[in-house]
Structure formats: C-alpha cells, structure tokens
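See structure below.
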Amino acid sequence: MKSVPMAAALLAAVLASPAALASAELAQQKNCMACHAVDKKLVGPSYKDVAAKYAKDKTAVDKLSEKIVKGGAGVWGPVPMPPNPQVSAAEAKQLAQWVMTVK
C-alpha cells in the first residue's frame, strides 16, 4: 500500500502548484483583487463568473489578456474596467490563464 501515500503526496503537490498560487499572488500584487474576487462580485465580476462566461471561447485568454492591459466596458454592465498599466502582456496572459481555471 505504498502507492496510497505516494498518490496523496502527488495530489497535494498538484493542488498547490506554484503556477496556480503564483497567479493568485500576481492578481493580489497587481491590485486585481481590489475590484474582483474569486467567488463573489465586487466592483467587477467574480473570477468564477468570468471563467464560466468564457468557458467555450477558444480565444478567451487572448481577449481577457487584452482587457487586463487595455481595460474594457459594456460586457459586465455600466462600470468600465480601467486599463492596468502595472501589468505586462506576459503577466496579463498568466492572469487570464489562471482566471480561466477558476471553478
């Protein structure tokens, strides 16, 4: 039964993957969490709602990356999302990829 502890350790490592944690930390560092939360609407939609809305869109990461950098309006109501000059294109892509994994 050595495989059970080994499988549990592997599962724990996957669930705490640095990429997932790094993106949540990056969202915090870049002030995304001032307007967004993982599971509830604040000023903007929750990340869970964004992921659900774009779940079937194969271009979602590119669209969201652009909105993170340039801002956007009209998709989630009257409050516009301002551009975030603190976020590079690479960071925006990382954040968008992370948002699409939120369930």
Residues of region 40-64 satisfying the condition of being part of a loop (DSSP other than H, G, I, E, B) and within 11 Å of the chain's Cα centre (by Cα) = 46
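Listed here are the residues, each with its yes/no results for (1) polar (S, T, N, Q); (2) farther than 17 Å from residue 53 by Cα.
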{"site": "65", "(1), (2)": "yes, no"}
{"site": "76", "(1), (2)": "no, no"}
{"site": "90", "(1), (2)": "no, yes"}
{"site": "103", "(1), (2)": "no, no"}
In region 64-74, anything free of Cβ contacts under 8 Å to residues at least 12 places away in the same chain and surrounded by 13 or more Cβ atoms within 10 Å (Cβ to Cβ) is listed as 72
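Here, each number is a calculation from the coordinates, and none is a lab measurement. Just so it is clear, the model here is predicted, and its values are computed rather than measured. Note that we place each Cβ from the backbone using ideal geometry, even for glycine, and neighbour counts take in every protein chain shown.
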